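K.L.:
Dropping a structure here in structure tokens format, bear with me for questions.
The values are calculated or read from the model by the stated rules, or taken from the named source; none is laboratory data. If you're wondering where the values come from, they're calculated on a predicted model, not measured in any experiment. Every residue, glycine as well, gets a Cβ built from its backbone with ideal geometry; the counts of neighbours run over all protein chains shown. Protein only, heavy atoms only, side chains kept; ligands, DNA and RNA dropped before computing areas. Shrake-Rupley method; radii C 1.70, N 1.55, O 1.52, S 1.80 Å.
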Amino acid sequence: MKTQKRLGILTSGGDCPGLNAVIRAVVSHATLTYNWQVLGISYATKGLLERKTVPLSLHSLDLRGIDPLLNMGGTILGSINKGDTLAHIDEIVASYHALELDALIGIGGDGSLSILNQLQARGNWQFIGIPKTIDNDVAQTERVVGFDTAVNTIVDALNRLTFTAASHDRVMIVEVMGRTAGHLALQAGIAGGADVILIPEIPYSIQGICSHLKELRDVWGRQFAIVVVAEGAQVANDSCCDTSSPTPSCGMGQYIANEIRSCSHDQLDIRVSVLGHIQRGGIPTALDRLVATAFGKAAVDLLAAGETAKMVTWRNGQVEAVPLEVVVAHSPLCVAPNHYLVQTARALGIYVGEEIGDRNCIYPNTVQIRP
């Protein structure tokens with residue numbers, strides 16, 4: 001007969017720095033404070049379906065000796081960001097009960113949390129979600145696990161590229177992640193000294209970019225420039241290429257480079273860098289470790305208090321909880337066209353587009369500001 005509460009934990013969706021810090025906090029708090037058993041579920045819902053688990057304890061994670069999890073990127077549980085989870089919803093629900101789980105913590109982005117919310121509703125699980133994503137597009141929270149590290153990774157790349165751009169009078173175009181939300185490009189672009197920032201939410205024109213680059217050269221004497229492009233930025237209306245496809249096959253960074261060359265008649269020396277999955281890796285920053293630890297501790301306390309179907313959220317300097325159904329109904333959280341950071345960028349002379357656009361994203365006033 002089971003005498004201890006059995007808690008499951010999984011990581012879902014794309015990896016990001018700070019996931020292991022969440023796992024560390026959950027295992028430590030659940031074990032030391034509540035004397036619960038913690039069962040790690042490998043590879044998200046796929047592992048739950050196949051009942052692939054690993055016992056997690058202070059001993060197995062060496063949390064009372066050398067502690068490697070705080071500064072370890074990725075996730076020790078593995079993750080997936082594709083599959084047909086909802087096609088196997090009944091089998092996954094059955095696996096949860098077969099594993100004799102009393103509760104589950106799921107760490108994921110807006111897509112993963114939406115799927116997990118449907119699973120917990122079908123299975124009547126006790127479930128708490130923890131938000132993580134380098135895109136920063138989960139609603140109802142000012143901070144998520146992984147975003148701060150990704151911003152710092154991009155800023156480091158921009159710092160390095162600025163010196164070589166200045167040395168050779170080049171335009172450096174840096175393509176960053178962000179399919180539907182431009183938080184990553186906007187915040188990293190401002191912090192990294194970009195001259196142009198292109199994001200999915202705000203339309204722009206090729207002529208506007210070229211005019212801005214020309215002004216930098218002719219008025220300010222700048223012979224180089226840094227352009228940050230979110231991968232989900234849209235094809236410009238005044239593009240020289242075929243605009244029948246919303247996403248150029250060459251990638252947005254190369255597309256912008258080709259368009260600028262046409263606009264400037266090949267007078268500019270342009271280079272393109274696509275950071276790709278570099279943004280997902282690396283050692284988590286102190287802020288991501290702090291947020292991850294606070295989220296993990298709070299999730300365990302919510303379960304101990306009998307709460308379910310909620311997500312931990314960071315608001316006004318502390319951790320709170322909001323209903324999952326509210327979160328998934330309002331995600332993805334995009335950059336509002338009048339966001340204070342958009343205004344900040346424009347005030348500093350950064351080109352961030354020419355019109356105010358709204359791509360059917362949610363801009364709740366209570367969570368727009370994310371330092």
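Let's see how each residue does on (1) in contact (Cβ under 8 Å) with a residue 24 or more places away in the chain; (2) among the acidic types (Asp, Glu):
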site: Ser167; (1), (2): no, no
site: Glu175; (1), (2): yes, yes
site: Gly182; (1), (2): yes, no
site: Gly189; (1), (2): yes, no
site: Pro200; (1), (2): yes, no
site: Gln207; (1), (2): yes, no
site: Arg217; (1), (2): no, no
site: Gln234; (1), (2): yes, no
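K.L.:
Go through segment 1-27 residue by residue and tally those that are touching a Lys or Arg at 6+ places or on another chain (Cβ under 7 Å) and open to solvent by less than 30 Å² (accessible area, probe 1.4 Å).
P.N.:
Looking only at that region, the number is 6.
K.L.:
Could you list, in sequence order, all residues of segment 290-304 that are under 23 Å from the mean Cα position of the chain (by Cα) and open to solvent by 10 Å² or more (accessible area, probe 1.4 Å)?
P.N.:
Leu290, Thr293, Ala294, Lys297, Ala298
K.L.:
Quick check: is even one residue across segment 102-110 at pLDDT below 95 and surrounded by 18 or more Cβ atoms within 10 Å (Cβ to Cβ)?
P.N.:
Yes, segment 102-110 contains a residue that is at pLDDT below 95 and surrounded by 18 or more Cβ atoms within 10 Å (Cβ to Cβ).
K.L.:
Here's something else I'd like to know. When the residues of segment 124-162 are narrowed to those that are open to solvent by less than 10 Å² (accessible area, probe 1.4 Å) and assigned to a helix (DSSP H, G or I), which ends up farthest from Glu231 (Cα to Cα)?
P.N.:
Among them, the one singled out is Thr149.
K.L.:
Of everything in segment 262-288, what is in contact with a strand residue (DSSP E or B) (Cβ under 9 Å, 6 or more places away or on another chain) and either within 20 Å of Pro203 (Cα to Cα) or surrounded by 18 or more Cβ atoms within 10 Å (Cβ to Cβ) (or both)? Give them in sequence order.
P.N.:
Leu268, Ile270, Val272, Leu275, Gln279, Pro284, Asp288 - these are the residues of segment 262-288 that are in contact with a strand residue (DSSP E or B) (Cβ under 9 Å, 6 or more places away or on another chain) and either within 20 Å of Pro203 (Cα to Cα) or surrounded by 18 or more Cβ atoms within 10 Å (Cβ to Cβ) (or both).
K.L.:
Still on this structure, I have one more. Pick from segment 28-59 the residues that are among the hydroxyl-bearing types (Ser, Thr, Tyr), part of a loop (DSSP other than H, G, I, E, B) and within 25 Å of Gly14 (Cβ to Cβ): which of them is least open to solvent (accessible area, probe 1.4 Å)?
P.N.:
Checked segment 28-59; the qualifying residue least open to solvent (accessible area, probe 1.4 Å) is Ser42.
K.L.:
Of all residues in segment 163-212, count the ones that are out of contact with any strand residue (DSSP E or B) (no Cβ under 7 Å at 6 or more places or on another chain), of a type in the set (D, E, K, R) and open to solvent by 20 Å² or more (accessible area, probe 1.4 Å).
P.N.:
Final tally of qualifying residues: 1.
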